[in-house]
C-alpha cells in the first residue's frame with residue numbers, strides 16, 4: 001500500500017469507553033493520511049478491529065468479525081489491535097484473513113504500518129514486551145456523540161488476581177494536567193461537545209507512572225485535574241467513568257457535591273462484598289471502606305447515581321460468600337450493577353485458587369445480581385418521578401426518537417426534535 005489517497009477504512013470497537021476513545025483517535029490519524037471512513041457494514045479497503053480482553057469470548061468475537069469481512073470483501077486488509085492483540089498476537093495472526101496485528105506500543109503507528117502492508121503477505125505481528133510500553137497517547141472520541149470520551153490515563157500498577165489489563169496495557173501512566181486542559185479547550189472550541197467522560201484504566205492513579213515524565217507534572221493527581229477542568233469554559237458537564245473506592249477520597253466527593261460541572265454520578269468497582277474474596281482478588285480495600293464512600297456520597301448528594309462493578313463465581317466463592325455480596329449490595333444505596341461472570345484468564349494468579357466454582361453456579365449468581373440491579377434502578381428512577389432535572393439530549397436519531405441522560409444518569413427517550421439536539425433541557429421526569 002504505497003499510496004493511501006482515496007482509500008477507505010472501517011472500524012469496529014469491542015469493550016470499554018477507553019477503547020472507543022482510542023478508535024476515534026485512530027480514525028482521525030488515518031483520515032489525515034487520506035483515508036475516508038466507512039461504516040463497518042460497508043465495503044472498505046481496510047478494516048480495523050479494536051479488541052478487548054475483559055470479555056470471555058474475545059477470540060470468538062474476533063474470528064466472527066474477520067469471517068464477516070472475508071465474506072464481504074476478501075481483498076480488504078484486516079488489522080487487529082487492542083488488549084487482546086497484545087495478549088494473544090500469535091493466535092490472532094493465525095486467523096485466516098488477518099493481515100496485521102498491532103500491540104499496545106504500535107497501534108498509534110497504524111498509518112505507517114499500512115503503507116508497508118500488502119494483501120497476501122503473511123500476517124505481520126508488530127508487538128513488543130509490555131514492560132517497554134511507557135508512552136502516553138491522549139485519545140478522545142469526536143463527532144461520534146454529544147458526549148466525548150477523553151482518555152487521561154492508561155495502564156495499571158495494581159495486580160488483581162483475576163485481571164490481565166496490566167499485561168495488556170502496561171504500567172500506569174497519564175497525561176499532564178496542562179495538556180489535558182488544552183485538549184478540553186480544543187474540544188470546547190470545536191463547539192459540538194457538551195459533556196466529557198474522563199476515561200482510563202485506573203483514573204485515580206492519574207499523575208503517577210513513567211508516562212508523566214514532564215517535570216512540570218510533578219505532584220499532580222486526579223483531584224488536581226478535576227479542579228482545573230471545572231474552570232474551563234465551553235464544557236457543561238463532566239463524568240468520571242470509573243474510580244477505585246480506595247482512590248476516591250472524601251475530598252473528591254465533597255468537590256463533586258459542590259461542583260458546577262461534575263455530574264452527581266459515580267461508578268465505583270466493588271467486585272465482591274466478601275472481605276475474604278476481596279483478599280483473594282488482591283483488591284486494595286475492604287467492604288467497610290466501600291460502604292463509607294457510598295454513605296458519604298448519599299449524605300451530600302441523595303440524588304446521586306452510583307454504579308457498581310461486581311464479579312460472581314470467583315474461585316473460592318462459596319455460597320456464604322456470595323450471600324454476603326448479595327446482602328451487602330441489597331442494603332447499599334446504589335443505583336445499578338455491572339455484573340461480570342468470572343472467567344479464567346491465562347497467566348493470572350486466580351488460576352491457582354481453589355475450589356473452582358461450576359459454570360452453572362456462576363451463571364445462576366449472575367442472574368440473581370442482574371435481577372437485583374434491575375430492581376435497584378427501578379427504585380432509583382421512582383425516587384425522582386415528578387422532579388425536574390437537566391437532560392443532555394444526544395444528537396443522533398434512533399427510529400425517530402432521541403435519547404439523553406439526566407445529570408444523575410437517568411435515561412430519557414423522547415420523539416426527535418431538531419431544536420433539542422445537543423442541548424441541555426430542563427426535563428420533568
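Since every read-out is calculated from the coordinates, none of them should be taken as a lab result. Keep in mind that what you see is a predicted model, and the values were worked out from it rather than measured. Cβ sites come from the backbone with ideal geometry, for glycine too, and all protein chains shown count toward neighbours.
Points worth noting:
- One Cα centroid belongs to region 5-79, the other to region 315-331; the line between them spans 39 Å.
- Value at 222 nm in deg cm²/dmol, rounded to 500, when DSSP H runs of n ≥ 4 in the chain each add -39,500 (n - 2.57): -10000 deg cm²/dmol
- Convex hull volume per residue, computed on the Cα atoms of region 247-300, equals 72 Å³.
- Label-to-label distance, nm, for residues given as residue 158 and residue 284 (7 Å Cα→Cβ offset): 0.8 nm
- Its convex hull of Cα atoms gives region 164-301 a direction-averaged projected area, equal to a quarter of the hull surface, of 9.1 nm².
- According to the Kirkwood relation over distinct C-alpha pairs, the hydrodynamic radius of region 139-383 is 19.1 Å.
- Label-point separation, residue 6 to residue 41 (7 Å along Cα→Cβ), nm: 2.8 nm
- Over the Cα atoms of the chain, the radius of gyration divided by the Kirkwood radius equals 0.96; this is the Rg/Rh ratio.
- Hypothetical label at residue 349: residues of region 154-187 whose amide nitrogen lies under 15 Å (7 Å Cα-Cβ projection): 157-167
- Volume in Å³ per residue [convex hull over Cα atoms, computed for region 290-379]: 99 Å³
- For region 101-167 versus region 234-254, the gap between their alpha-carbon centres in whole angstrom: 25 Å
- Gyration tensor analysis over the Cα atoms of region 388-428 returns equivalent ellipsoid semi-axes of 16, 10, 8 Å (largest first, whole Å).
- The stretch between residue 327 and residue 129 holds 67.0 nm of extra length on full extension. This uses 0.36 nm per residue minus the Cα-Cα distance.
- Kirkwood Rh, Cα atoms: Rg over Rh of region 309-429: 1.14
- Calculated FRET efficiency for the pair residue 190/residue 111, C-beta based, R₀ 25 Å, to 0.05: 0.65
- Across the chain, C-alpha contacts under 8 Å between residues 6 or more apart give a mean separation that, scaled by the residue count, equals a relative contact order of 10 percent.
- Simple spin-label estimate for residue 320 and residue 275 gives 1.4 nm between the two label positions (7 Å along the Cα-to-Cβ direction from each Cα).
- FRET efficiency, residue 419 to residue 295 (Cβ-Cβ, R0 30 Å, nearest 0.05): 0.10
- For region 82-212, average projected area of the Cα convex hull in nm²: 9.5 nm²
- The convex hull built on the alpha-carbon positions of region 8-128 has an orientation-averaged projected area of 6.4 nm².
- Computed over region 231-337, the quotient of the alpha carbon radius of gyration and 2.2 N^0.38 Å is 1.15.
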